[in-house]
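Have a look at the structure below, then the notes.
The values are calculated or read from the model by the stated rules, or taken from the named source; none is laboratory data. If you're wondering where the values come from, they're calculated on a predicted model, not measured in any experiment. Note: ideal-geometry Cβ built from the backbone for every residue, glycine included; neighbour counts use all protein chains shown. Each accessible area value is taken on the protein alone, full model and side chains, heavy atoms only, with ligands, DNA and RNA left out. Shrake-Rupley method; radii C 1.70, N 1.55, O 1.52, S 1.80 Å.
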Amino acid sequence: MKPGSPAAALHPVHEAEDPHLAKQKFLDDAAEHVRDTGHRAFVRKALGGYYTNRDTQQARYRDWEQARDAASLAKWSAVNRLDELLPKFVAAFEANGGQVHWARNADEARTIILELLRGAKAKAIIKSKCMTSEEIHLNAALEDDGYGVVESDLGEFIQQLRGEPPYHFVFPCMHVRRDEISDLFGRHLGTPPTDSPEELTMIARRHMRRLYVDADVGITGANFLVAETGQISITENEGNARLTAALPRMHIAISGIEKVVANLDDLAVLLPMLATAGAGQPMTCYNTLYAGPRQPGECDGPEEMHVVLLDNARTAILADPEQRDSLHCIRCGACLNVCPIFKNVGGFTYGTTYQGPIGSVITPHLRGLADWNHLSGASSLCGACTDACPVRIDIHHHLLHNRRNAAKTAPNRLERLGHKLFAAVASRPWLFATGGAVFRKTLWLLKKLRLPLLGDWLATRDLPAAPAASFRSQWRARK
Amino acid sequence: MSPPASTSARDTILARIREALRVPAPPPHMASQAAGATAASGPGSLTVLPLEMARPWLPDGGETPAEQLALLTDNLAKLRAEVHRAADLTGAAEIVAGIARDRGWRRVAWHGHPAVEPVVAALDCETLRVDDNAFDKNALESCDAGITACDAAIAQTGSILVSSGTCGGRALSILPHVHIVLVSLDQIVATLSDALELVRTGYAGRMPSMVSFITGPSRTGDIERILVLGAHGPKELLVILVG
């Protein structure tokens, strides 16, 4: 198979139709992806430049580790004062002429946005990259209501044309080869084939410029909500969010409630660290603060600006003090880029909006631990994610916390029985010795018998050769 | 949207937040003991603020104006911005007029500003002013370049600070293919936090609707993680350092 072969051939799980099938789909897709060595090599190569650039930029910090302390403290102090800072942000934003809408869940958020679009008599909508909108499946809702919506971020545009969700929440189409993009543009835009990433980028640039000018409504996300000044902060490289918030007459920004920071000073720490951890840059190309709609005396900008604040189970995470720090996440994607599981199973296997280690931590909270606990096992527990996190989220321990919580709420009877049996044997020396003797003789049989639980585990592993004598007898012999 | 629904959503969410925060969360695991000691006092009463902690550990911004200028120039070059030096605005006007002639620019957009006006006056080509009347978006889209002033330039990161209030609105610095920005040497600040302090104090009570830190020309790595300049914003950023 060619490197980075079409994802269609890999049956990407975008979302399991039946949530109870999520685990089986994960296992099937993972098994398929890990065998596609071309795909794995392609993803690793794409990430190669990231490691070099990240290391170069981290070295410019006088102390990256201590800077991480400050970044984690900024987010910790904000998340733990959400009751105070969120209303403060809202009051300041409204004072600047912006309008705030609250949504308890995805359904409410979609309804709010559809009503805003109806009120604005919107015909053409341009969007810049926004994972929160992926979380609430906004595009599908807009299209169902007859609205045309175009993703302007290059990677998101490619994914929209492919009919796929983002593969990686920061690098949406990192799995797609340039010749596939060339074919895709040829099919949809009628452009001649090219193998130049630059020429492909220019095709998208030329295509999109008309759409920014003609759009009535621009939809963006928000990276930070600044409580002190009532501004939203948007980080991007391409300039598509700047254009989306400049030319249409209405700007709608969707944000999770956890994006609040106390003040502008926090951005002096978080903006460079987001860029360095996420993409190996000193600063992302455009970091823009929006205070509201066009102000008197300004020559352009939208007449209305709306911020939709989304809960969608974030308050459930907030209510768990042990995992509350997963709300510190600034969505930089560093944990995906270093994760051995992500690099081998790929982004689609997760079947989640947020892939990789942080996605494995928060998805069970967003969609239910019973159906999504299998993601807690999508980890080697190596801790690379925790080391990479610029805001020091204890990611790999939270995977263990989710496993523990799942075992408490819905114990695996078979596993329990196994543990009980072992306890019964291990606490009786005569039984342990006899059992050991039998086990040494029959160890080879384990591989042959497709036992429940053990069978899956042994399918990809070799058993060690059984020793001739027990440890205790060897110990006695040495004496 | 009917207000009661949203009000009740707000009340529900705020009630959930208050309920959730009744149980405190421990401070994050930190490398430095000082940070732990700071956090132990609780999120509402931090004795040392995150920025104060981080300032010595973030990338250097330079101490003296000469160091800051050198750092800014170096960072802009690394970001693939084009840097020009001019002794005064007359010199800047000559540089920009020369570039416009060499490249055969047909129309250049600008905004009313004491630093921009003399530069535009020296151009041979057609010009489009964006801030006297409502401008035509299509006309701006077809401009070869946009010329703006700035509010600050940041040595630490090579960023240029522009705002919708002082630099010709939102579109001028992002829609034309080339962005020419005039930076007076006394506008150079050491760090991002210095520039954010300017935003806080300089605009207090009359915050522009947009404040943007521009760090190099528009770029993308979305295709095979290969860097391409000029994704949607300007392909080129020309910084004219004046003074």
Notebook entry, point to check: Relative to the longest principal axis of chain A, what angle (0 to 90°, nearest 10) does the C-alpha long axis of helix A:413-426 take?
Noted result: 40
Next item on the list: Can you grab the distance from the C-alpha centre of the range A:115-157 to the C-alpha centre of the range A:284-313, Å, no decimals?
Entry: 17
Check: Peptide B:190-201: average number of partner chain Cβ atoms within 10 Å per residue?
Finding: 4
Next item on the list: Would you please state which residues of the range A:260-303 a label at B:ARG200 would reach in this model, taking the label point 7 Å out along Cα→Cβ and a backbone N cut-off of under 13 Å?
Entry: A:262-269
Item checked: the range A:122-217 - charge dipole about Cα centre, Lys and Arg +1 at Cβ, Asp and Glu -1, debye rounded to 20 -> 320
Check: So which aspartates and glutamates pass the test for A:LYS121, namely a Cα distance under 18 Å, with those fewer than 8 places away in the same chain ruled out?
Finding: A:GLU143, A:ASP144, A:ASP145, A:ASP214, A:ASP216, A:GLU303, A:GLU304
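Which order do the peptides A:114-125, A:318-329, A:454-465 come out in when sorted by mean C-beta neighbours inside 10 angstrom, highest first?
The most tightly packed comes first, giving A:318-329, A:114-125, A:454-465.
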Item checked: chain A: Cys lacking any partner C-beta under 4.7 angstrom -> A:CYS130, A:CYS173, A:CYS285, A:CYS299, A:CYS329, A:CYS332, A:CYS339, A:CYS382, A:CYS389
Next item on the list: Treating the angle as unsigned and between 0 and 90°, give the value, to the nearest 10°, between the Cα long axis of helix B:3-20 and the longest Cα principal axis of chain B.
Entry: 60
Check: With point charges of +1 on the Cβ of Lys and Arg and -1 on the Cβ of Asp and Glu, referenced to the Cα centre of the protein assembly as shown, which listed residue (A:ASN337, A:GLY418, B:SER159) lies farthest in the positive direction of the dipole?
Finding: A:GLY418
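Using only the heavy atoms of the protein chains and a 1.4 Å probe, how would A:GLU134, A:GLU32 rank by accessible area, largest first? Could you put the intermediate results ahead of the total?
Values: A:GLU134 40, A:GLU32 65 Å².
Descending accessible area places them as A:GLU32, A:GLU134.
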Notebook entry, point to check: Toward the positive end of the charge dipole of chain B, about the Cα centre and with charges on Cβ (Lys, Arg +1; Asp, Glu -1), which of B:ALA122, B:PRO26, B:VAL242 goes farthest?
Noted result: B:PRO26
Margin query: I need the shape label for the range A:143-195. Rule: rounded when a/c is under 1.5, else prolate if a/b > b/c, else oblate, with a, b, c from the alpha carbon gyration tensor.
Written below: oblate
Margin query: Not counting ligands, DNA or RNA, and with a 1.4 Å probe, what is B:LEU71's accessible surface area in Å² rounded to the nearest 10?
Written below: 40
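Let me know the charge dipole size of the protein assembly as shown about its Cα centre in debye, to the nearest 20, where only the beta-carbon of Lys, Arg (+1) and Asp, Glu (-1) is charged. All intermediate terms of the calculation are to be shown ahead of the outcome.
Numbers: 76 positive and 80 negative charges, 830 e Å.
Its charge dipole is roughly 3980 debye.
Around A:PHE89, with a cut-off of 14 angstrom between Cβ atoms, what is the net charge of the other residues, counting Lys and Arg +1 and Asp and Glu -1? Intermediate values should be presented prior to the final figure.
Numbers: positive: A:ARG81, A:LYS88, A:LYS259, B:ARG10; negative: A:ASP83, A:GLU84, A:GLU94, A:GLU228, A:GLU258, A:ASP266.
Within the 14 Å Cβ shell, the charges total -2.
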Checklist line | DSSP bridge orientation in chain A - percent antiparallel, rounded to nearest 5 | finding: 25
Next item on the list: Whole number in Å², please: accessible area per residue of the range B:65-242, 1.4 Å probe, ligands, DNA and RNA not counted.
Entry: 34
Checklist line | Separation in nanometres of the label points that stand 7 Å from Cα toward Cβ, at B:ASP132 and A:ASP145 | finding: 4.2
Note to self: Taking the 0 to 90 degree range and rounding to the nearest ten, how far is the long axis of helix A:82-95 tilted relative to the main principal axis of chain A, both from C-alpha atoms?
What the structure shows: 20
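Which trypsin sites (Lys or Arg not before Pro) does the range A:124-167 hold that lie in a coil by DSSP with at most 16 other beta carbons within 10 Å? Walk me through the numbers on the way to the answer.
Numbers: sites: A:LYS127, A:LYS129, A:ARG162; in loops: A:LYS129.
The qualifying sites: there are none.
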Check: Magnitude of the Cβ-charge dipole of the range A:81-312, K/R +1 and D/E -1, about the Cα centre, nearest 20 debye?
Finding: 460
Next item on the list: Would you mind getting me the FRET efficiency between A:ALA424 and A:HIS207? Use the beta-carbon distance for r and R0 = 60 Å, nearest 0.05.
Entry: 0.30
Item checked: Distance violations [Cα-Cα > 25 Å] among A:LYS75/B:LYS235; A:LYS259/B:LYS235; A:LYS123/B:LYS235; A:LYS127/B:LYS137 -> A:LYS75/B:LYS235; A:LYS259/B:LYS235; A:LYS123/B:LYS235
Notebook entry, point to check: So how do A:TYR147, A:TYR51 rank on accessible area, 1.4 Å probe, biggest first, that is with the largest at the start?
Noted result: A:TYR51, A:TYR147
